[in-house]
Each structure stands twice: as structure tokens, then as C-alpha cells.
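Written below as C-alpha cells is the structure these notes are about.
Coordinate-derived values only; no laboratory data. The structure presented is a predicted model; accordingly, all values stated were derived computationally and were not measured. Neighbour counts are summed over all protein chains in view; Cβ atoms, including those assigned to glycine, are modelled from backbone coordinates with ideal geometry.
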Amino acid sequence: MKSEVKARPVSRWRGRRLGAFVFLSPGVTYLIVLLLVPLALVLSNTVFQRGRFGGVVYEFTTENFERLVDPLYLGVVVVSLKLAALTTLVALLIGYPTAYVIAQLPRKWKTVALVAIVLPFWTNFIIRVYAWIILLSGPGLVNSLLGTHMELLYKQGTIVAGLLYSYLPLMVLPLYSAIERLDPQLREASANLGASGFTTFRKVTLPLTVPGVLTGCLFVFVPSFGNFVIPEILGGSKSIMVGNLIRDQFLKARDWPFGATLALALIAVLIVLLLAQAWAARRA
Amino acid sequence: ACGGESSTSSEGTTAAAADQLKPNADLSQQTLQITVWDGYTPAELPQKVKEKLHVKDMKVTLHDTNEIAMTKLTAPGDSGIDVAFVSGQYAQALNAAGLLEPIHPELIPNLANLYPEATQLSYDKGNKYSVPYTWGTTGICYRSDLVKSEPKSWNDLLKPPSWADKKVTMMTTERWLALPALKALGYSLNTDKDDEIAKVKDALVAQKPHLLTYDDTTFGEKLKSGEAVMVEAWDGWCPTTDPKGNIKFVVPKEGSDLWVDTMVIMKSSKNKEAAHALINYILDPEIHSWAAENINYKVPNKAAMERVTIPKGSLLGIKPAELLNGESIIDLGQASTKYTRLSTEVTAQQ
Amino acid sequence: MLKIDGITRRFGEVTALDNVSLEIGQGEFFALLGPSGCGKTTLLRIIAGFETPDAGTVTLDGDDLLSKQPNRRPISLMFQSYALFPHMSVAKNVAYGLERERLPRQEVKQRVGEVLETVGLSAHADRKPAQLSGGQRQRVALARSIVKRPRLLLLDEPLSALDKKVRADMQLELKRLQHEVGITFVVVTHDQEEAMSLADRIAVFDSGSVRQVDRPVALYERPRTPFVADFVGANNLFHGTAGGLDGIKTDDFGMLAGTPLEELEAGAKALLAVRPEKMELADESAARGLKGSVLDVSFYGGVSHISVDVPGRAKPVLVAVQGASSVEVGAKVKVRWKAEDAVIMAVDA
Amino acid sequence: MLKIDGITRRFGEVTALDNVSLEIGQGEFFALLGPSGCGKTTLLRIIAGFETPDAGTVTLDGDDLLSKQPNRRPISLMFQSYALFPHMSVAKNVAYGLERERLPRQEVKQRVGEVLETVGLSAHADRKPAQLSGGQRQRVALARSIVKRPRLLLLDEPLSALDKKVRADMQLELKRLQHEVGITFVVVTHDQEEAMSLADRIAVFDSGSVRQVDRPVALYERPRTPFVADFVGANNLFHGTAGGLDGIKTDDFGMLAGTPLEELEAGAKALLAVRPEKMELADESAARGLKGSVLDVSFYGGVSHISVDVPGRAKPVLVAVQGASSVEVGAKVKVRWKAEDAVIMAVDA
Amino acid sequence: MRRSKLLFVPFWATYVFLYLPIVVLVVMSFNSGRSAYTYEGFSLKWYGELAHDDRVRDGLVNTLIVAAGSTVIATVLGTLLAVGLARHSRSKLLDAIALMPAVLPDLVIAIGLLLFYGLIALTLGLYSTVLAHGLFSMSFVAAVVRTRLANADTSLEEASRDLGAGPVETFIRITLPQLAPGIVAGALLAFTLSLDEFVIAYFTIGNTEQTLPIVIYSMIRFGVTPKINALAAILLLVSFTAVIAGQRMTKIGEARAQD
Ligand SMILES: Nc1ncnc2c1ncn2[C@@H]1O[C@H](COP(=O)(O)OP(=O)(O)OP(=O)(O)O)[C@@H](O)[C@H]1O
Ligand SMILES: Nc1ncnc2c1ncn2[C@@H]1O[C@H](COP(=O)(O)OP(=O)(O)OP(=O)(O)O)[C@@H](O)[C@H]1O
Ligand SMILES: NCCCCNCCCN
Ligand SMILES: [Mg+2]
Ligand SMILES: [Mg+2]
């Protein structure tokens, strides 16, 4: 009997470890080899110097980190945060009701609506962004239709619209996935207790779909934050974002050490966000 | 100019001892892999090269910008590229990094077709590691029917008159972002002096509220549509041959640059004989003239240019001597980050 | 007054409710009784507004209910599967309905405290539903629906997961609510004793139709149809043909004594029903009664059930006696009853 | 044989199980009875392998169970909340366990058909759980766990959503399984009658501890602790001090007749319990008995409960009589009992 | 329950927002003129030009190979990862690492992989891009699937274990069907993102291959031409056809499963 008592925790643990191994090892191996090792390679550059003609000179320096705190770069970070946050907010505001309606649709329409969300994205990112130029530019469609000559492009608002357009599906899909599994009886119970549709949404549906909201927000916020193509094409590079900074270091200045340092800073911000997200999702 | 000297004599050329190449190597044992801008070589080039040079195979990779090409070429590991097309100052940087094979002139008899001026370009005097493919300058491209007065000075772009307010564009590729202000202020395009760069920055920041946008690629479209009336442009991309005939190009009185897009052979190439043969083939007037006729850039190839019939309004007529008035952009090594920083600081300005 | 008129609801091939009409008075305690799957939940869901009938109307005090949104109906429904909000504590779940009425915080707090006290969960106010046992969850669901004191309270198996003690307390509480607050109750229960003891009237359902609506004692003592006789309480049924005012004729047992509920045509098919507690177990040598042998004796606490195998009957005859019984399995006995304790009813062809 | 030894399980502050030990024999029908939240479900979940105890061991025929993965235990658990697979039809749900044993298709089909027939859901084989009523779902859950015929069957409130008729059928079926297949049953039920009639032995739980394990009749007639006396069946309890072999001394009623279960020290605190059905309702003028007036008469079908308010007692005395009662509310009566029908037990200080 | 009509406003707004530019693209693809802005008359000539463009065709084929390959990797690994993280791990750090590829700027991943592939002297090809796209797609799939696992009722899995199914079988037969809508959403996302991805593909693909975005990126430097619009229109047509065909197939599959 005694030996059984001892044997128990060990073998239960073994059972759990086996599960962990089966489920986690393929993905984790993949992450280590193709994410962590390459990231380590990039980040190891942060403490070295730019070679005279680009490339890396393996001499230790802290200069990159000193540059990092320059108000110039902080200003760019603030703008990026602002635009990304705004994009995320708008995406959530229109993405949530959309996902909600899709989740309630009859089964056959559900798939259709869902696929219709991503279908435009099976064309091409750059083509779609250019489509906005056709729409919004001086001689573009909107102005022709309205008979006006407004300058609609090259503004921060245009950047937000472009980011929104690019990342809205990343908001809708996780939200759909979260809303779809809610027990409809909970909404019924809420209505029965006198809650209006909106209150039910606020008090029951929304709190129960917080994990989906968090995932969607992360999916929209982060690539918006790190984007460089849209500020360039739709914003005319008049406001740049963190992504542009990093891109410029890697591709223009060929200052990989500083580019890696900026990337490190970005990753640090992301990790904080990701940890917060993981924490909030587990709590929800 | 001083930057040019220092880099041509830098470690690159001296360190990279030339391989022994066999003039009569069996090219059918070699393959070719080139990287080039889209549309910058004839689509049927690989086919023709295979037929003419009897190489086993030839493949073309496209790159969009010099910077991306540089990233691929400078990454650790074998890029697999034999011949790369990059602009002059990048060829200079690649060479300085020891990545280029010196050109073996004996394997490229067609070098003789080049204008003499094209062998004395400051980033690579004597074509030691690069062979020029196209060249040109930068100026103001404008709508003659929409401007109240013809632009003459870079200042017309930097401080646009009220009728051009928010109807001008600039390029952001950093050396070209700085060019108008550098020239307007009378500085060298290759300056690395902090105070001069600071003044340039002030000028560009002051200009920013009056810009339509920064644009490196589609400024021609914007002129045609009338969204912009004056833009900073490379000569070949200024659509002066537009049938409406209302687009003109001017090199401002303060002067401008001379840019060159070149062909280089990678040191890592295992097909160096074939690479030389390819460059030689491209310098053939019949092939090289294709570039002038199709991409509207002048080629530094006398024999080729003579074959070209120059359409009305085209800038192909600019003579090499005129081009040489422009200052060559050379790689500034460590100091080039100052221009990145300038570009960042200007664009980051809200 | 709640008036249900001609309600029909189909799910594909299944007709869950078939032309159901009921009238339930103000302040009445009304029970729905019927076999599993007969449509009870469906009816409650229609009244509450979560199911739309294919035909029929529902009015509350003359107002059409069906056209109202669920949250606008003065009705609380306790769900058979509870439907507790998993992200809210017990107290929050219970407070939910009150908060929707914009009651002052203090009042909400007080009423929630009271009702949790009533259902015996004061100590669990801060727990989440996942941290509760089955019966505790059911009590939260009950508390959540009664705390609102709506005009109409619909309870779907409200006490099925509770032990006898707690259940008795809850029953008392429901009665109190009915009397003090004057709420109308419609309660689904499979527990007949519960229905009998609590309800003013009971509707017996079968396959989507109402079979009988009556006061408990009448339902028990005067079932009008064989289904009700069989379904409500245990019963010993004998088939035969009407044989005058005092019995039926059977093939196997001859004439059996009983009292017809209504006049029956002689020769019509009829059913005679005797409750187990009206059955008497007599000695084998007794003069009257059907002969049989004891098959099984089951002890149910307060009563014992004795199954007696009577030759000629497929099902044994059930006899209930108070307390533990001393009769032995295998004993030869006779079962008999008084004519006034046996009910005779017509059988639909 | 299932041996549970010293099992303790805590959830934060709550001790759901506190050093529980039980031995359940091969082929035994064992019931767990206890108030809502006393730890019954937790115990079943530990046996099935979904909860790890903080201390204690569980062995089945000498093999340690706790070290086994749930799917390697020869045990079926029917979940209190059913846990039906929503994406599978009824038939698929039931077949699931058999398919895991890699039985031939034909056999699976046949056994699923049989068990669905047994639970009365043959017509619903192709429906999804969402298309079933509450009771139908419970029967699917029951079918799913019994179809495997495991060595040990754990049923958590298996029949709570069923009406009396279906429930009686299911009870018979469970009994049949026990006898024919020799399965050991551990059944949680809040239905005492069910426990009494089905179980070979019953364990009464309270707040995570076992209070008494006994055969049904013994448990009912000889409760060993006040908790059991009060919890199992209705009971009339009188507090007093031990007063010899034939009664207890009370403050309000003097000496009350009864039979002590064990010898009690004179003057020790004691409790006297009389079952309602052992109570006799006598005329006001009767010689013996406690005086009181009738407070309420409730009809429960087979029996009626009469509450009698006896001055000097907070709770009314409960009297059960068979059938509907003729006594009127307000009537003056006396309640009395025979000494051998009243049990006297010690009260822990 | 009746749904609020009000919710349909943002619902339709979303679709209008997503499709307006697409409609414009398609209309302009029939432009007989060269301008991207002014419609000069109907013409199919741009489609004709496209038909002869080998680069576009090869790019399309490569893109589909990369998208399909990476989606398969991502869906399998991402789903396993999501379940593993939700059921077998308490590590928040692991949670965060699993999300990183989805949220790191493409460029950082691209450069990292370029360095890594260089370090191990890998000869690049389509497969190196498949692996790279698999990386970020896996992360998206895992995250979407996890939103379904949160708060999930574990008693179903317990019931399955109880009925004799091992962890793997339980996963396949019970967990997976529960997760299906999440997995489908995740796979859709993965496929979509890969179809569109430019930067990482650019740096990780072999020198002889190109994906469509790379081809388009170089075509588009001079702005949109109707030829590119025509390409977009054809892509849309292909997508619609694929989706409708897919719908049909699942319907037939379902009908079969019913028998
Ligand atoms: N996950 C949990 N966290 C905290 N407390 C819990 C948890 N699960 C159960 N409990 C508590 O443990 C006690 C025993 O719960 P259990 O479910 O075993 O009761 P039960 O006897 O089955 O009751 P019922 O008859 O109401 O189903 C209860 O008080 C319950 O609130
Ligand atoms: N969504 C549905 N689709 C198909 N059939 C359904 C659906 N909902 C209920 N049913 C069927 O309708 C009938 C009535 O169901 P209902 O839930 O009203 O029964 P109930 O009387 O509440 O039973 P129980 O006492 O078992 O809860 C049942 O036969 C059930 O199977
Ligand atoms: N960046 C170099 C400027 C010269 C223009 N060359 C671009 C080639 C694209 N066709
Ligand atoms: Mg029901
Ligand atoms: Mg329980």
C-alpha cells in the first residue's frame, strides 16, 4: 500500500508529461529552431558596431542603446502607438458586431460570411492598398463622385484607414471563434432577467469573449504598430512608424546593429503586451 | 569627391586578389544567376544568352531596390548570385566589403564600346570592379501647363510658390532626399559635415508642410493626373514623352548628381567566366541599346546610343559631357548613417 | 391571468406541442407534469419568449405576450440547465436581474443577501459557478429567478438536484412567495409528490397535448383517462368492459368491483384502477380477492411496496403498506379492495 | 472490491472530502446520500480519475487506481451534468465507449440498439443532444455509461430529471445489470426512496465525512447519529437527557417513551426520534399523547402529511397517514407513539 | 431570439468597406486606357496581356504551393500547440513565445531567417519559404484556436477518457470537433496571410523562385496599371470559384456522412 502511495504522483506526472510532450514538442521545436535561434542571431547584433560599409563589426559597444533613447525615436514610437491603438479600437468596434452577426447566422451562411471576410485578401496586399489610392486620390473616385477636390490621402487618418483595411480580418476571425462557442442559453437567461440586447452584450457576451477580444486586438495592434508599407504608400511617408525605422536601419542605413536594437526594443514592448495578454486571457 | 578616392583605394580592391580565370573555359559547364531590377533587362535575355554563350542555364532574380539587393548580397552564406545590378555607390560598398570579383577586362572586349567618360566615374575609376549599365541625373520634372513660372532652382521645389503649395513631391531614398537641399545650399552631395547636414534638415523640415507626399516611384503618375505640378525625379522616369507633351524636365541651376547603375560580379560566384561573358554580351550595342529604348535611361555605351533613334521630348539626348557636370554619389561608409538619420528625422517630424 | 391558446410547435418531424390551451389564474401555483420529452420545457420557453410557436397565442392579463421581446416580459424563467453566467460570482448572478431594474445598490445588495440566505448559499456568495456542486448551482439558478419577484415565475425542474431536506425548505419558500408576493407560478416537475403538495392545479401532458387539468386530489383520485391513471402515482390497472354501476367484466378475473366516474355504455371498453395504498393484502384463505404470490418487497423508508404476482396478469399487482413490511417473498396471499376505492373509466377506442 | 482509504480533498478553503474511507463489495449496489455540496460528486470524480486527492488511496481488487490514467480504469462515470458530446448523434455518443474497445461494428451496433431500446430512445438515435429534452439527455448519459458494462459503474444523480414511470423502468434496468452482469454500482442520489429501494448499502455523507454506512432498513430504523436521524427520511426529534431503558427526560414534555440503541449513561444528552408514519393521531380526549392542533394537511398522492403544532416545540410534529386524510386544519388532537417505534441515541457534546 | 437590426449596420459596413476597393479594382481592370484613375472604355486587352505573362503564372503557382504547404504545417502544429498550452502548460512565457511570430514585424523574422539559413548554409527554395510562413501562420492558428479553448468545458474530455479513450484519441474525436470552427478560422487566416506575404517570402525564397506578391511588388513600382487590376480580378475569380467548389464538396461530404 505504501509503495502505491509513492508510485502515484510519479506516474500521474508521467501521464501529464506525455500529454505535454505530444502536444507541445512539435510546435515548441519549430519555435526554437525557426524563431528563437534566428532572433538570437539578430539580437546578438545589438551590442556590436556597424561596419564601415554596412555589415557588422564584432566589437562591443553600448552606443546602439544610447541612440535608442533619443527623443526623436521616442516621438516615432508615440505616433506608432497612437495610430495602432486607434486602428485597433475602430477594428474592434466594427469587427465585434460583424463577428457576432456571423456567429449567429445559419450554418451555411456562416461559412460564406467568414470566407467573404478573407476573400479580398486572396488578391494582394499591395494591390489593395493601391486601390485606396484610386479611391481617395485627388482625381480619384470619391472626389469624382462628390465633385470635390479634397486631399484625402497622405494623412494620419488615411494611414489608420489603410491599417484597418489590412488587419480587420485579424480582428474578426478570433472574435468569431470565441463568440461561436458561447452557449445561447446564457444570452436567453440574460434577456429573461430583463437585460436589453445591449446590456446582454455588455454584461454577458463581451466578458465571456474577452480572450477573443484580446487576441483580436493583439493581432491588429501589433502589425499596425510595426507596419511600414502603409505609412509609406497611403501616408506618403509624412508620418513614419516604428516599422519604418527598423526597415530603414536594415535596408537603407545598413546599420544592422542599430536595427537589431530597435527590433529588440519593439520585441520588449511586444513581450510586455503578450504577457499582459496571456495573463488577461487566463484570468478571463 | 574625397570619399570616392578613399574608397577606391580602400581594402576592397587591394584585398580581393583576382582569381585566375581561363579565357577559354567551357561555358557549357557553367550556369548564370543574376539579380536585377524588374524590366531592366530584356525578358528574352536568358534565352538569348543560352543560345549565344552556350551556358548551361541562366536565371534571373528580381530586386526592387538597391537596399534589398544589398541585404541579400551581404547576408552570410552563399547568395548564389553571379552577376548583380546595383547603383554605383552600392557597388563601391560591396567592393569595400570584399564581396566583389575584380573585373578582368581581357574577358570583356566590349568595354571598348563605353564612352571614355564612363570609365572615369568617381565611385570606381577605371571600372575595376563594376561595369556601368545605365546612367542619368536628377532634376525637377514638372507640368508646363500648370506652373505659373518654369522652375529653375531647387528652391522652387524646396519653397514652393503658393500655386504649387501641396502639389510638389520629393524622393525619400535618403541621398536623393537630401540632394535638392544640399545643392540649393551649395554643399557637396557627399558631405559628411554635421553642420551642413543640419542645415539641410532645417530646409527639409520647413518644406514638409508644403509637400503633397514623398514619392520615389509614382511621381510621374501624379504629374500626369495633375495632383502634383512639380516633382523631384530621375531623368528617365520623368514622362517627358507623354503624348500630351506638357511634362518637362529641368536640371536646376545649382547642379545635380550623376547616378550610374552598374553590373558587378560576386566574389562567391563559381561561374566567373560566364559572368564576364554575360557582361560582355550585354555591352554589345544591339543588346545594350535595348535599355535606352525600353527603359528610357541613357546607356554609357557610345556604340549603343548611336543606334538609338531619340523620340521627341526624350531626355536620351543629354550628352555624357552634360552628365559629367553632375556630382557622382559615392558611398560614405560609416557616415552614410547620417543621411539615414536625416531622412528619419525629417519624416519623423509630425 | 395567463392564457395559452392553441399553441403548436414543431421541430422538423417532432411535434413538441400540439394545440395546447391552458388558463392559469393570477397568483395560482400551477404545475406541469408529464413524461420526459412531452414538451414541458418547450412550453415554458415559448412563454418566456425563446421559442416562437408555429401557431397559437399567449396573453398575460389580456396583453399579447408573443409580440414582446423576452426582456420586456414580466416573466422569470429558471432554466432546466441553469444557464448561470460562468464569469460572475454567485452574488453577481443573482443581482443581475435586479440591476437591470436600476434598483438602488443598497437594495440590490440587501435582496441578494436575503435570497442567498433563503437558498442557503450565503457562504458561497463570492464563488464562481464552476466552484459549486450540482445542487448548489441549481439553488443559484432558483435564487436568480425568484429574487426579481416577477408577475409570472416559470420554473423548469427547479428542485431536481436537491436532497429532500433542502427541497422541503425550498418548497416552503416558494409557497411563501406565492402567498406573500402573489406571484403566479408555473412549475415543471417530474416529482409527483412535489406537484401534488405544492400545486393548486396540475396539468398532465403527454406527447405535446394536455390530458387533464385538475386539483391534485381530484387528479389522483379521479383520473379521467387511462394515461393519467397510469402516469400519476402508481396504479393497478385492469382492462375489461363496462359492466354496470359497480364493476367491470374481465376475461381473467370475472367481475371486478369499482365505481365508474361517468356513465358507461354496457359492453364499452373500460379500465379499472386501484391505488396501491388502497390495496389490501389478505391471507391466502380470505374469502374475496385475487390470488397471488409475493414477488418482491421493497422498502422505501416510510412505506414498503409489495409486488404480488397474480396469475393471468402480465404486471404484478402493487400493494403499499406503511413502514417496513413483515410479509416474505414467495408467500401466498390474496389482494383485494373496496369498490369505492376503485375508479372505472372509459378507454378510447 | 473497491477500497477507499483516508481520502481527503480540499478546494482552497473548502474541504470537500475529509478522510473518507469506504469498502464496497464486488457486485454491490452502493448508494451515496447526503446534502447538496457534501462531496459526493468529488468522491466519484476521484474514483474515476478526474480529481486528485490531497491524501488517501483508492484500490480496486487490490490494484492502485490513482496511478492509472482515467481511460485505463475499468470504470464508467455518468456525469451529473451529462457531458454529452454535442457533435455526435445519440447513437454515436452511446457507441463511443464500445468503439474504444475495438469491438466489431456489428456488435457495437447491436449493443447500442439494445441499450437505446432500454432507455426508450430508439426513435431518437440520430438526433444531436441539443435536440433532446432534459430527461432524454439524462437517459443518453445513462445509456452511454451502462453500455460498456464496466466492473465499476459510478452514477451521479442518474435519474434526477426523469419522471416516476421512466425512473422506475430505469431502476429495474440498473438492478438487472447488477444481477446479470455483476457490476458494482456506486450511485449518488438525493432521492432517498431510490436509495432505499435500490441500494444494498447506503453511505450517508455530511460536509465531506461519512456519518453512517448501513443497509437501508437499518439506516432508516436505527439511525446512529442525530444527523442521520434527521437527514434520512422525515423524523420527529425530541431533545432531552437519557432516562433509563425506556425513554428520555425532556424539559417540556416530561418523560417520553422510546428504545435506546445502545446503553446511555443516565443524564447524558440524548435524542428521541419517531418516524411520521409511526406517529398516531388520536382524539384530543385520548389518554396518552402530546396535545396539539392541526396546522396543515398536505396530500402527497399515496400519503398525506399532517403537521401538528405542539405547544413547547418550535417545529410542528409530522404525522403521515395513508391516502387522503379527513382531519381538518385547526382540529385539536393528540399525537402518540409506541415505545418500540421511537429510537433513542446519544448526542455528541 | 430576435436579433437586433442595429447589429447589421456594422456588419454590412464591414463588407462594404472590404469590398469597395475590390469592386473598383475589378471595374478598372476593364479599362481600355492605361490610367489607373480615369475609365476610358471597356477592354479586355489587359487580360490578354496577363495571359502571356509567364512570371505571373509561375508566381501564382508558387504562391499556392507556399500557402498550401505552410497552412498544413501551421494548422497541425498550431492546433497541437494551442491544446498543449491550454491543457498541459502553465508557462506564460511559452504562451508569449508562441504568439511572437504572429506579432513580430515581418522584417525582423525575415532578417532572422536570412541569417539563420545562411548560418546553416541551407540552399533556399520554395520549401524554405514554406517553413518560414509556417512559423507565423502556426502562431496565428494557435492563438485563434486558444480563444475557443478558453473557459472550455473540460467535462467532455473527461467523459471521453472515462469511456476508455486515451489522450490522443480524445483529442482527435472530442477536442478537435469542438475546436473545428476555431481551426477552420485559423487555417483560413494562415492561408490568407501566406498568400499575401511579401517581406518574409522575399528573403527566404530561393533565387530562382518568386511568389506572386514579389512579382506584383516589382510590377507595381510605377503605380497600378489595369494589368495589375486584371490580375486582382482573376485572383478574385479563382478564389470565389475555389470557395464555392469547397462549399459544394463539404455539402457532398456531409450528405455522404449522413448515410
Ligand atoms: N472547483 C471547486 N472549487 C471550489 N470548491 C469546489 C469546487 N468543486 C466543488 N467545490 C465545493 O466542494 C464541495 C463538494 O462539492 P461536490 O460537487 O462534491 O458536492 P455534491 O455532494 O456532489 O453536491 P450536489 O448534491 O449538490 O451535487 C461543495 O461545497 C462545493 O461547493
Ligand atoms: N431543438 C430541437 N430540435 C428537435 N427536437 C427538439 C428540440 N428541442 C426539443 N425537441 C424535442 O421536443 C420534444 C419536447 O421537448 P421538451 O424539452 O419540451 O421536453 P420536456 O417535456 O421538457 O422533457 P424533460 O422532462 O425530459 O425535460 C422532445 O421530444 C424533444 O426531443
Ligand atoms: N537608386 C538608384 C537610382 C537610379 C535609378 N535606378 C533604379 C532602377 C529601377 N529601374
Ligand atoms: Mg425539459
Ligand atoms: Mg454533485
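Just a few scattered comments:
- In this structure, no residue pair taken from C:Lys249/C:Lys338; D:Lys249/D:Lys291; B:Lys193/B:Lys338 has a Cα-Cα separation over 19 Å.
- Pairs from A:Lys110/D:Lys109; B:Lys183/B:Lys248; A:Lys252/B:Lys224; B:Lys159/B:Lys183 whose Cα-Cα separation, in the structure shown, is over 22 Å: A:Lys110/D:Lys109; A:Lys252/B:Lys224
- Taking label points 7 Å from Cα along the Cα-to-Cβ direction, C:Lys249 and E:Ala121 give a separation of 11.0 nm.
- For chain D: relative contact order, % (alpha-carbon pairs under 8 angstrom, 6 or more apart): 15 percent
- Sites excluded, trypsin sites (Lys or Arg not before Pro) in DSSP loops with at most 15 other C-beta within 10 Å, longest stretch of chain D: D:103-287
- Note on B:Lys22: lysines with a C-alpha under 30 Å away, same-chain residues under 8 apart excluded, are B:Lys48, B:Lys50, B:Lys52, B:Lys56, B:Lys59, B:Lys72, B:Lys125, B:Lys128, B:Lys267, B:Lys270, B:Lys272, B:Lys302.
- Sum of side-chain charges, C:Phe231 neighbourhood, beta-carbon under 11 Å (Lys, Arg +1; Asp, Glu -1): 0
- Ranked list, fewest to most other Cβ atoms within 10 Å of each Cβ, for C:His190, D:His124, D:His239, B:His210: D:His239, B:His210, D:His124, C:His190
- Treating each Cα of the protein assembly as shown as an identical point scatterer and summing with the Debye formula, the log10 of I(q)/I(0) at q = 0.06, 0.07 Å⁻¹ comes to -0.73, -0.88.
- Contact order relative to length of region A:142-284, as percent, for alpha carbon pairs under 8 angstrom and 6 or more apart: 27 percent
- Test item: Cα-centred dipole of chain E, Lys/Arg +1 and Asp/Glu -1 on Cβ, debye: 580 debye
- Listed residues E:Val66, E:Val83, E:Val145, most fluctuating in chain E (Gaussian network, C-alpha, under 10 Å): E:Val83
- Net charge contributed by nearby residues that have their C-beta within less than 14 Å of A:Arg128 (K/R +1, D/E -1): -2
- Over the protein assembly as shown, dividing the summed -39,500 (n - 2.57) contributions of all DSSP H runs of at least 4 residues by the number of residues returns a 222 nm mean residue ellipticity of -13500 deg cm²/dmol.
- Dipole in debye (nearest 20) - the protein assembly as shown, about Cα centre, beta carbon charges: Lys, Arg +1; Asp, Glu -1: 640 debye
- In chain A, taking the dipole from charged Cβ atoms about the Cα centre, the farthest positive-side position among A:Thr261, A:Leu136, A:Leu208 is held by A:Leu208.
- Dipole of region C:56-130, positive direction: furthest Cα of C:Ala91, C:Thr118, C:Met78, with charges on the beta-carbon: C:Ala91
- Pairs from A:Lys155/A:Lys238; B:Lys148/B:Lys201; C:Lys164/C:Lys278 whose Cα-Cα separation, in the structure shown, is over 18 Å: B:Lys148/B:Lys201; C:Lys164/C:Lys278
- Angle of helix E:176-196 to the longest C-alpha principal axis of chain E, folded into 0 to 90 degrees and rounded to 10: 30°.
- Two-site FRET efficiency, A:Leu18 against B:Ser153, from Cβ-Cβ distance with R₀ of 56 Å, rounded to 0.05: 0.15
- Length-normalised contact order for region C:69-172 - Cα pairs under 8 Å, 6+ apart - percent: 43 percent
- Label zone of B:Lys208 (point 7 Å out along Cα→Cβ, amide N under 19 Å): in region A:194-236 this covers A:227-236.
- Shielding score for C:71-78, defined as the mean number of other chain Cβ atoms within 10 Å: 4
- Per-residue mean of C-beta atoms belonging to partner chains within 10 Å, peptide B:147-154: 0
- Counts of other chain beta carbons within 10 angstrom of each beta carbon in peptide C:213-224 average 2.
- Each of the peptides A:85-93, B:315-323 was scored by the mean count of other Cβ atoms within 10 Å over its residues; in descending order, highest first, they stand as A:85-93, B:315-323.
- Rounded to 5, the percent of DSSP beta bridges in the protein assembly as shown classed as antiparallel: 70 percent
- Shape of chain B, Cα gyration tensor, a/c cut at 1.5: prolate
- Ranked list, fewest to most other Cβ atoms within 10 Å of each Cβ, for D:Val329, C:Val335, E:Val144, A:Val33: D:Val329, A:Val33, C:Val335, E:Val144
- Region D:4-31 residues near the modelled D:Asp200 label - backbone nitrogen below 14 Å, point 7 Å along Cα→Cβ: D:23-31
- Axis angle, to the nearest 10 degrees, between helix C:164-181 and the longest C-alpha principal axis of chain C: 60 degrees.
- Of E:Leu163, E:Gln210, E:Ser91, farthest towards positive along the dipole that unit charges on Lys, Arg, Asp, Glu beta carbons give region E:55-258: E:Gln210
- Unit charges on C-beta of K, R, D, E only; dipole of chain C, Debye: 1300 debye
- Proxy reagent accessibility, fewest Cβ within 10 Å first, across A:Leu152, C:Leu103, A:Leu39: C:Leu103, A:Leu152, A:Leu39
- Computed from the Cβ-Cβ distance with R0 of 45 Å, the FRET efficiency linking D:Gln131 to A:Ala85 stands at 0.50.
- Förster radius 60 Å - calculated FRET efficiency between C:Arg222 and A:Leu145 (Cβ-Cβ, nearest 0.05): 0.15
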